[in-house]
Amino acid sequence: MSAPQPRRPILLPQGTPAMNAPPNTPRPLAAPAPRLAARARRSRGSEAGFTLIEALIATALLGFSLIVMFGFHTQALRSNMHARKLTDCTYLAQTYMERMMAEPWREGSVPTTLVDGSSDTTTAGDNDALWVDLEQPGSPLLVNALNTTDTTYGQRNYSISWDISNMDSAPVNWVRVRVRCKYRDEAFGTWHGTTISSYRFRDG
């Protein structure tokens, strides 16, 4: 007589009771829940990491952002340099204006720097003549930011000139003084600077 064969477990849908199972029947195994299987698949997919295309897209976006940032940085440096040079121009023009205001001017003794040499040929609407050198001192003075011609303290990047206009007929009692300081922006090939104006009356 042969030994009895073990019975295989009966697979039933989850939640189905084994009502008609014979005695000593092994407990049926429930099929895995669909939610658990889906969660397991998602877990395995999250461990896969980035694909090559995703890495390339991220690298391209990072490179584009850096290029934009470098452009802003260059523009900020150029703006800061322009502001510094414009401040130097204002200081230099004011310095020469104060010198002319301090020149002694008595009747019959007009200082050379306050003599109206010729008529001013520039006009307010002439853009080409906006930064031409004024009539004095004939050839513009080239100085550095410290108002010296010594290149030890910096390049002579600033051009100084001035203009004197008589405001009445002889004898002249008051004049208009204009002082112009300019510098050249080599990056764009344009001139920038400042022009200040004031009036000087005879001392006595």
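Below are the figures for this structure:
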{"item": "Considering residues of the stretch 85-119 that are among the small types (Gly, Ala, Ser) and outside any helix (DSSP H, G or I) only, the residue modelled with the lowest pLDDT", "result": "Ser119"}
{"item": "The listed residue being among the hydrophobic types (A, V, I, L, M, F, W, C), touching a helix residue (DSSP H, G or I) at 6+ places or on another chain (Cβ under 8 Å) and surrounded by 10 or more Cβ atoms within 10 Å (Cβ to Cβ), out of Leu134, Leu141, Leu146", "result": "Leu146"}
{"item": "When residues of the stretch 133-188 are limited to those that are part of a loop (DSSP other than H, G, I, E, B) and among the hydroxyl-bearing types (Ser, Thr, Tyr), the one nearest to Ser109 (Cα to Cα)", "result": "Ser169"}
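The values are calculated or read from the model by the stated rules, or taken from the named source; none is laboratory data. Quick caveat: nothing in here was measured; it's all calculated off a predicted structure. Cβ: placed from backbone, ideal geometry, glycine included. Neighbour counts: every protein chain shown.
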